[in-house]
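Since the structure comes first, as structure tokens, the remarks are kept for the end.
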There are 2 protein chains.
Amino acid sequence: MNNAAIGVDIGGTNTKYGIVSTEGVVLFENSISTSDFNQVEELANYIFNSIQESKLKLNKDITINAIGIGAPNANHLSGYIEYAPNLKWKKLVPIVNIFKEVFSTPTFLTNDANVVAIGEMSFGIAKNIKDFIVITLGTGLGSAIVSDGQLIYGHDGFAGELGHTTIFDHNARECSCGKYGCLEAYVSSQGMRRSSFEIMCNSNTHSELRDISFNNITPKIIHQAAKRGDPIAIQTFEMTGDILGKFLANSISYTSPKAIILFGGLTYAKELIMKPTIKSMEQSLLAIYKNKVNLILSTSGANMAIIGAATMSLKAIK
Amino acid sequence: MNNAAIGVDIGGTNTKYGIVSTEGVVLFENSISTSDFNQVEELANYIFNSIQESKLKLNKDITINAIGIGAPNANHLSGYIEYAPNLKWKKLVPIVNIFKEVFSTPTFLTNDANVVAIGEMSFGIAKNIKDFIVITLGTGLGSAIVSDGQLIYGHDGFAGELGHTTIFDHNARECSCGKYGCLEAYVSSQGMRRSSFEIMCNSNTHSELRDISFNNITPKIIHQAAKRGDPIAIQTFEMTGDILGKFLANSISYTSPKAIILFGGLTYAKELIMKPTIKSMEQSLLAIYKNKVNLILSTSGANMAIIGAATMSLKAIK
């Protein structure tokens, strides 16, 4: 018999899920479009059926002991997703109860970056680091803070929503949460799209991005253009890195981490995002913090969130 | 025999010190000007003599078991004050060794806001709160973060230098640390002085503050003027509270505290600072955090820092 858990990673664009062994090995995984599901019940049923099928195909005696879910604005204490700006299920979603009902299995929830942090601590790059921050760069910007080996949850389970800390700019961008000037409106897929348009509107520089509509532009397209030397695309990465670096310098003042781990969609751009981020971060740091913090691009695959979610649930039922 | 410890609270303007019993009772206290001492050795010797005298006067059999020091940019791991912008002793000051040599007593160091947090947790307003932040508003802005009952120190002991997190403004003020746009350059005694001048230079409004030089203006003078209805003085508090509130909203996203405790010189202005701060904080918060966090003015006297410093040292020798 193989003991395992289901890990679910709900993102603004895609939901990834899979079966993970107690040793952190992904036995099966799949990715679906989050917005295809109007109700969380439909998502839970879809995943249930998919897992049943995959278990048959795997042809192993697998026992699913628990389900772990990572999601934006997730509260591990209440089991609810609360007012997540990047999800179409608005307001209060009792996701733990919904999954429990469909699967008849103990289900646990935490925010999407926390599951990555748990994965990196258990099987990844943060195995020997006790103080670190995870920043997930996807549709939005998620974060997890680990201090002295412990995830910080706060009094209500909502610690670490750093995507909605604000930069103090009077002409700041409107965020999907309704506030103005949130970090996420600058440093995320959406943010990069907006930055490329801001740079285009302020300059006359030729760019292949000028032929693409706002809704069609993606960080991948900007990345490809930057690799071809497109100046607007390169500037977009520089602007994103500059703001991310200033923000990380502030974050370091809070918990003085040994490392900051960047994870998710934007990180495939590697040096294009890392170079301006490190430069801006080091420039913005107080002397006592300079040249001390490792900024690391996670080399784990996207399934580290699934691994972390499953691992969290296995730890919770111990 | 009365077991006790010495608590020392080193600030940019004044240094307070005293003898504190194991029950947190201050048996003797005194305040001196920090800048009167060119060397930390002189300060340590002055305090040593003063404590000896006071012990004679107290006419009690007091045993000093330990010394606790709170100071800006203090590192409890290394025992050094490192590059403190508001102190005239620059660079690296091995303050723990200096006090140990003068007193021949175990000596412990942490940052100035951490000692307040320890005091408030042990004998003050935070006795039953496990997640809170302390902001000390004096010459500079200090901070301490408590998560799940534990002070956050970070990998190098330097967590919680929030006075030097920066606001992202291109015309930002130069800070005493050499960076631009630090919170401390806006929200502190120095910051309020600068804000009052910024408001005066941008308006024609009559104000009694226009007869006072930059170096002579203090938050106390601005406070007195505001109580008399001076519009520039009132605006200065509004501007300070507005920036402080936005910053606190960001801080809440990090550790989701149950309470934020404001402590120190600026807090005597009570409603003048609290009202604009709460308004700005609540406006800036993400929905999940709104109307949940208690912003509290510490009612402890200024000697809470001495009590906390002494208590820290007594805990350390246990």
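The values are calculated or read from the model by the stated rules, or taken from the named source; none is laboratory data. Remember, predicted model here, so these are calculated numbers, not experimental data. All Cβ positions, even for glycine, are placed from backbone atoms using ideal geometry, and neighbour counts span all protein chains on display. Side chains are part of the model used for accessible areas, which takes the heavy atoms of the whole protein and leaves out ligands, DNA and RNA. Shrake-Rupley method; radii C 1.70, N 1.55, O 1.52, S 1.80 Å.
Descriptive notes on the structure:
- The protein assembly as shown: antiparallel DSSP beta bridges as a percent of all, rounded to 5: 55
- The range B:217-318: mean projected area of Cα convex hull, nm²: 8.1
- Residue with peak Gaussian network fluctuation, chain B [Cα springs, cutoff 10 Å], from B:Tyr46, B:Tyr80, B:Tyr186: B:Tyr46
- Note on B:286-296: average number of Cβ atoms from other chains within 10 Å of each residue's Cβ is 4.
- In degrees, nearest ten, helix B:40-58 long axis to first principal axis of chain B (Cα): 70
- Kirkwood-type radius of the range A:152-276, with distances r between different C-alpha atoms, in Å: 15.5
- Across the identical copies, the 7 Å label point of A:Glu53, projected outward along Cα→Cβ, sits 8.6 nm from its counterparts, in ascending order.
- log10 of Debye I(q)/I(0), alpha-carbon scatterers only, for the range A:47-197 at 0.20 Å⁻¹: -1.26
- For A:Thr105, the distances from its label point to the matching points in the remaining copies are 6.1 nm, ordered from shortest, with each point set 7 Å beyond Cα toward Cβ.
- The protein assembly as shown: calculated mean residue ellipticity at 222 nm from DSSP helix runs of at least 4, using -39500 (n - 2.57): -12000 deg cm²/dmol
- Mean partner shielding of peptide B:149-158, defined as the number of other chain Cβ atoms within 10 Å of each residue Cβ, is 6.
- DSSP beta bridges in the range A:68-149 [antiparallel fraction, %, rounded to 5]: 70
- Rolling a 1.4 Å probe across all protein chains gives B:Arg173 an accessible area of roughly 30 Å².
- Cα long-axis angle, helix A:231-255 against chain A (0 to 90 degrees, to the nearest 10): 60
- Measuring nothing but alpha carbons in the range A:64-117 and taking Rh as the Kirkwood radius, the Rg to Rh ratio lands at 0.96.
- Overall, the ratio between the Cα radius of gyration of chain A and 2.2 N^0.38 Å, rounded to two decimals, is 1.00.
- For the chain pair B and A, the interface hides roughly 3800 square angstrom of accessible area in total, found with a 1.4 Å probe.
- Across every direction, the projection of the convex hull enclosing the Cα atoms of the range A:106-164 has a mean area of 4.7 nm².
- Once Rg and the Kirkwood radius are both taken over the C-alpha atoms of the protein assembly as shown, their ratio Rg/Rh works out to 1.01.
- Average silhouette area of the range B:1-90, convex hull of alpha-carbon atoms, in square nanometres: 5.9
- Delta accessible area of at least 40 Å² on complex formation, residues of the range B:209-255, 1.4 Å probe, chain isolated as reference: B:Lys246, B:Asn250, B:Ser253, B:Tyr254
- Nm distances between copies for B:Gly178, ranked from closest, using label points 7 Å along Cα→Cβ: 4.4
- Residue among B:His206, B:His223, B:His164 with the largest mean-square fluctuation in a Gaussian network model of chain B, springs linking Cα atoms under 10 Å: B:His206
- Accessible surface of chain B, 1.4 Å probe, proportion on carbon and sulfur as whole %: 49
- Value of Rg to Rh for the range A:1-42 (Rh from inverse mean 1/r over Cα pairs, i.e. Kirkwood): 1.07
- The range B:144-207 - Rg (one decimal) and Dmax (whole number), Cα, Å: 15.8, 51
- The accessible-area ordering, largest first, of the residues B:Glu198, A:Glu238 stands as A:Glu238, B:Glu198, per a 1.4 angstrom probe.
- Think of a 1.4 Å ball rolled over the protein heavy atoms: the range B:1-94 then has 45 Å² of accessible area per residue.
- Note that the range A:159-300 presents 40 Å² accessible area per residue, ligands and nucleic acids not counted, probe 1.4 Å.
- Of the whole protein surface, A:Phe214 contributes about 80 Å² of accessible area at a 1.4 Å probe radius.
- Top of A:Asn111, A:Asn202, A:Asn73 by mean-square fluctuation, Gaussian network on chain A, Cα under 10 Å: A:Asn202
- Shielding by other protein chains, B:172-182, mean Cβ within 10 Å: 2
- Per-residue Karplus couplings for the range B:141-153, computed as 6.51 cos²θ - 1.76 cosθ + 1.60 with θ equal to phi - 60°, are listed in order as 10, x, 8, 9, 10, 10, 10, 6, x, 10, 5, 8, 9 Hz, Gly and Pro entered as x.
- Sequence of A:Asp230, B:Asp36, A:Asp169, B:Asp112 from largest to smallest accessible area, 1.4 Å probe: B:Asp36, A:Asp169, B:Asp112, A:Asp230
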